[in-house]
Every structure is written in structure tokens, then in C-alpha cells.
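A.B. asks: After the C-alpha cells below, expect a handful of questions from me.
The values are calculated or read from the model by the stated rules, or taken from the named source; none is laboratory data. These numbers were taken from a predicted model, which means no experiment stands behind them. Here the Cβ positions follow ideal geometry from the backbone for every residue, glycine too, while neighbour counts run over all protein chains shown.
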Amino acid sequence: MRKALSILVTVIINVTVMINLGLVIISAIFTNALAQVTEIIPLITYHSHVPFVTSTNHGLTYDLATYLTEKSNGRYKFQVRTMSRPRVDTLITSARTFVVPWVDPIWLNDLKETKYLWTEKTLIPGENVVISRQNNKINYDGPKSFTGLKFGGVRGHHYVEIDDFISQTENTVRIDSDRHLSNIQKLINGLIDVTVMPTSAANYFFSELDLSDSLFIATTPHSTYNRKILITNERKDIRDFLDQITLKMTEDTNWKTTIRYYKNGE
């Protein structure tokens with residue numbers, strides 16, 4: 001009787017050990033599975049012009065999303081969504097998580113960087129250049145240089161000093177298009193006299209469309225700025241990750257090759 005009871009106790013102990021071991025294994029598998037869940041991060045942008053967007057699902061913004069996704073080692077997947085500036089302005093005030101690349105804090109009324117989280121390092125410095133025709137060159141010296149001219153802007157964009165100047169004059173008008181490329185075409189066809197766009201876009205167009213003989217870029221830029229990444233919803237984990245990556249990007253051979261590709265307009 002005692003022997004049978006001893007055997008029964010041993011069996012119960014062994015079964016209990018096996019159950020506990022099984023629970024530990026299942027817990028480990030479940031925990032590991034949770035750790036491997038990739039968070040989708042919408043990377044939203046209103047910069048739908050070259051070099052940021054060169055064609056459907058291609059361009060510097062898409063390369064940036066891929067680069068950041070790969071560097072996260074499965075933690076995040078950054079997905080590009082292009083939209084209008086007003087739509088971006090609306091979304092970043094919501095209680096949802098978004099990442100907005102290529103923006104200067106001053107553009108979002110956050111000069112002191114207190115409304116949103118921002119990366120410490122600038123992605124790329126930028127400037128807006130003034131473009132006119134070779135047969136009617138505009139050497140930019142402030143908005144008064146546009147007196148009596150037709151200025152081509154992009155719908156929804158605010159042009160520092162230029163907008164205020166135009167609103168105060170009667171013989172200078174702003175004619176909007178949806179894209180910078182449309183303004184280049186209007187400029188060539190004489191429908192506008194001058195336009196302003198990022199140097200990166202201007203370099204791309206001048207190279208791709210061979211515009212040096214027909215169009216002129218003023219020596220003095222309209223404005224300079226620093227393109228950073230904005231992070232919404234107080235997501236400090238994403239900000240910290242982006243800081244870790246962007247602080248090293250300028251020394252990354254692959255990223256430098258990507259930037260050089262677009263800078264050269266290839």
C-alpha cells in the first residue's frame with residue numbers, strides 16, 4: 001500500500017513539474033511573440049515634390065522610411081502617407097501617433113520646440129531659391145524684387161514676407177499651382193514671372209529637364225531652414241530611437257549615397 005502511494009506521489013510530482021515547465025515554455029513563447037510585434041508608424045508628409053517623391057512609392061521620403069524601418073530591427077515599420085499641408089496640420093493636433101519628416105519647427109509654429117517632440121539633429125539643411133527666366137532675371141533682394149510681377153506659389157504653402165508683401169500691393173499677384181513642376185512649366189511658358197522652391201527640387205528639375213539655358217536661379221535665397229523630424233502624441237520612445245539613428249546618419253555610407261543620388265538629380 002505504501003509503495004503504491006509512493007509511486008502515486010512521484011507521478012503527481014512529475015506531472016506537476018511537466019505542467020509548470022510547459023507553462024514556462026508557453027509564457028516564453030507568448031512573451032517573445034509580443035516582443036516581435038512590429039508597430040506601424042505613419043510617416044506623413046506634404047512634401048510631395050521631388051526629390052521627396054519622384055514617382056509612385058519612390059523618392060527620398062520612401063527611402064527614409066525604408067532606412068528607419070531597417071534600423072529599428074523589427075520594432076517599427078514606417079509607412080509613407082502623402083497629403084496636403086492642411087491635412088498634416090489637422091492630424092498632428094490629434095491624439096494619434098504620427099511622424100513628420102523634412103519640417104522646420106518654425107513652420108509648425110513651434111520655434112521653441114515645446115508643442116511637439118523633435119529630433120535633435122537636422123536631417124538635411126535646406127533653402128528656398130528664387131527662379132525666373134534667363135531673359136528676365138530676378139536678382140532677389142527681398143520681396144520688393146517681385147514688384148509688378150506674377151509670383152507662382154504652391155497651393156496651401158505660406159511664403160514668409162512674400163505673402164505679406166503681395167497682400168499690401170496692387171500690381172503684384174500670386175498664382176497658385178498644385179506642384180512645383182507646374183510652376184516650372186508656367187514659368188517657361190510665360191504664365192508667371194518668378195517662383196520659389198526648395199534647392200533640392202530646383203537642382204533635380206534643372207538636371208532632369210536641362211533648364212540652365214532657359215531659367216535662372218538667383219544667388220540670394222529666399223530663406224534658409226533646418227529640416228527635422230516631428231513626433232506627435234508625446235512618443236518619447238520614437239523620438240529617442242530617431243535621435244539615436246539621425247545622429248549617425250551623416251556618417252552612414254548608405255545614407256550618404258542616397259542623399260548624393262538625389263542631390264545630383266540622378
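A.B. asks: Has the stretch 246-260 got at least one residue that is in contact with a Ser or Thr (Cβ under 8 Å, 6 or more places away or on another chain), surrounded by 14 or more Cβ atoms within 10 Å (Cβ to Cβ) and either part of a helix (DSSP H, G or I) or assigned by TED's automatic domain parsing to the domain that holds V103 (or both)?
C.D. replies: Within the stretch 246-260, one or more residues are in contact with a Ser or Thr (Cβ under 8 Å, 6 or more places away or on another chain), surrounded by 14 or more Cβ atoms within 10 Å (Cβ to Cβ) and either part of a helix (DSSP H, G or I) or assigned by TED's automatic domain parsing to the domain that holds V103 (or both).
A.B. asks: Does the stretch 92-105 include one or more residues that are touching a residue at least 60 places away in the same chain (Cβ under 8 Å), among the polar types (S, T, N, Q) and in contact with a strand residue (DSSP E or B) (Cβ under 8 Å, 6 or more places away or on another chain)?
C.D. replies: yes
A.B. asks: Condition check: in contact with an Asp or Glu (Cβ under 7 Å, 6 or more places away or on another chain) and in a loop (DSSP other than H, G, I, E, B). Does E113 satisfy that?
C.D. replies: Working: in contact with an Asp or Glu (Cβ under 7 Å, 6 or more places away or on another chain): no; in a loop (DSSP other than H, G, I, E, B): yes.
In short, no.
A.B. asks: Residues of the stretch 123-138 being modelled with pLDDT of 95 or more and part of a loop (DSSP other than H, G, I, E, B), which ones?
C.D. replies: If the condition is that a residue be modelled with pLDDT of 95 or more and part of a loop (DSSP other than H, G, I, E, B), then Q134, N135, K137, I138 are the ones that fit.
A.B. asks: Go through (1) touching a strand residue (DSSP E or B) at 6+ places or on another chain (Cβ under 6 Å); (2) exposed (fewer than 15 other Cβ atoms within 10 Å of the Cβ); (3) not assigned by TED's automatic domain parsing to the domain that holds G190 and name the single condition Q134 misses.
C.D. replies: That leaves (3) as the condition not met.
A.B. asks: Something else now. Show me the strands (runs of 3 or more DSSP E) found entirely inside the stretch 158-243 where at least 2 residues are surrounded by 16 or more Cβ atoms within 10 Å (Cβ to Cβ) and of a type in the set (K, R).
C.D. replies: Of the strands (runs of 3 or more DSSP E) lying wholly inside the stretch 158-243, those with at least 2 residues that are surrounded by 16 or more Cβ atoms within 10 Å (Cβ to Cβ) and of a type in the set (K, R) span 223-231.
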